[in-house]
1. Of the residues that sit in segment 32-53 and are closer than 16 Å to V168 by Cα and under 8 Å from the mean Cα position of the chain (by Cα), which one is surrounded by the most Cβ atoms within 10 Å (Cβ to Cβ)?
2. Can you tell me which residue within segment 75-97, out of those that are free of Cβ contacts under 8 Å to residues at least 60 places away in the same chain and within 13 Å of S144 (Cα to Cα), is farthest from ligand 2 (Cβ to nearest atom)?
3. Can you tell me which of F47, F38 is among the aromatic types (F, W, Y) and away from ligand 2 (no atom under 13 Å from the Cβ)?
4. Looking at P100, P68, P64, P110, which is the one that is within 11 Å of ligand 2 (Cβ to nearest atom), over 13 Å from E125 (Cα atoms) and not small (G, A, S)?
5. In the list H119, H95, which residue meets the criterion of being under 25 Å from A20 (Cα atoms), surrounded by fewer than 22 Cβ atoms within 10 Å (Cβ to Cβ) and under 12 Å from the mean Cα position of the chain (by Cα)?
6. List the residue pairs whose Cβ atoms are under 7 Å apart, where the first residue sits in segment 174-194 and is closer than 16 Å to V152 by Cα, the second is part of a helix (DSSP H, G or I) and not hydrophobic (A, V, I, L, M, F, W, C), and the two are 6 or more positions apart or on different chains.
7. Pick out, from segment 6-120, the helices (runs of 4 or more DSSP H) lying fully within it that include 2 or more residues that are under 21 Å from P131 (Cβ atoms).
8. Return the pair list, or none, for Cβ contacts closer than 6 Å from residues in segment 100-111 that are over 15 Å from Q57 (Cα atoms) to residues that are aliphatic (A, V, I, L, M) and within 16 Å of ligand 1 (Cβ to nearest atom), at least 6 apart or on different chains.
Amino acid sequence: NNGAAEFLPDRLDLNALRDAAAGCEGCDLYRNATRTVFGEGPKQARFMLVGEQPGDQEDRQGHPFVGPAGRVLDRGLQEAGIERDDVYLTNAVKHFSFTPRGKRRIHQKPTAAEIDACHPWLDAELAVVKPEVVVVLGATAARSLLGRSFRVTQHRGEPVPLGEAVAVATIHPSAVLRAPDRDEAYAGFLADLQAAARIA
Ligand code: URA
Ligand code: SF4
């Protein structure tokens, strides 16, 4: 596999991208996942939110952030005053990566090679949507968009230039759910979303 680049359509619009991504074989993740879960939201959105990869529910339903992490994200967006129709939601990696354990599918972090292989889709989404603000959710999205030396824990909530846009990194909403002190983790997550909201 040589990455997603050779699967990109000639015409860059969201429908053409979604159709082409459905057939992507740019890395091995397409083999075991149910489907490509492409980004969703209006082309005019001022905010682009970038997660890691679809989870179990997203893989089944075919939409980003429809599981437990999505509920944390929805609450955060609402409390930060970011309107849903101002948001394009996507992931750094478009197929669910997991290891089977009995009947369950255990989420696996995408590798650096998988993140790089999938980057052309994210780049194309950025080129079409041209968001003002990119909210980078966790280390995988940060690796894809801000490079391997960027540390979310050190620079979360800070505006950083990303092409024509401004990026703000925060922890992944799944990390809020796993945190020993969920309320504290959520408060930090919300503060970062509020920092992003102030930029637009
Ligand atoms: N976690 C992500 O990073 N993305 C999703 O779409 C769902 C869970
Ligand atoms: Fe293509 Fe990305 Fe899926 Fe890999 S994860 S097959 S690069 S869409």
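Read-outs throughout are calculated quantities, based only on the coordinates presented, and are distinct from any laboratory measurement. The structure displayed is predicted, hence computed values, not measured ones. Don't worry about glycine lacking a Cβ; one is built from the backbone with ideal geometry, like all the others, and counts go over all protein chains shown.
1. Among those that are closer than 16 Å to V168 by Cα and under 8 Å from the mean Cα position of the chain (by Cα), it is L49.
2. The residue in question is T90.
3. Exactly one residue qualifies, and that residue is F47.
4. Numbers: P100 fails: within 11 Å of ligand 2 (Cβ to nearest atom); P68 fails: within 11 Å of ligand 2 (Cβ to nearest atom); P64 fails: within 11 Å of ligand 2 (Cβ to nearest atom).
Only one candidate qualifies: P110.
5. On the way: H95 fails: surrounded by fewer than 22 Cβ atoms within 10 Å (Cβ to Cβ).
Matching residue, one of H119, H95: H119.
6. V176/R182; V176/Y186; F189/G76; F189/P173; L190/G76; L190/E79; L193/G76
7. Those helices (runs of 4 or more DSSP H) span 14-21, 68-80.
8. Taking only residues 6 or more apart or on different chains, the pairs are P110/V93.
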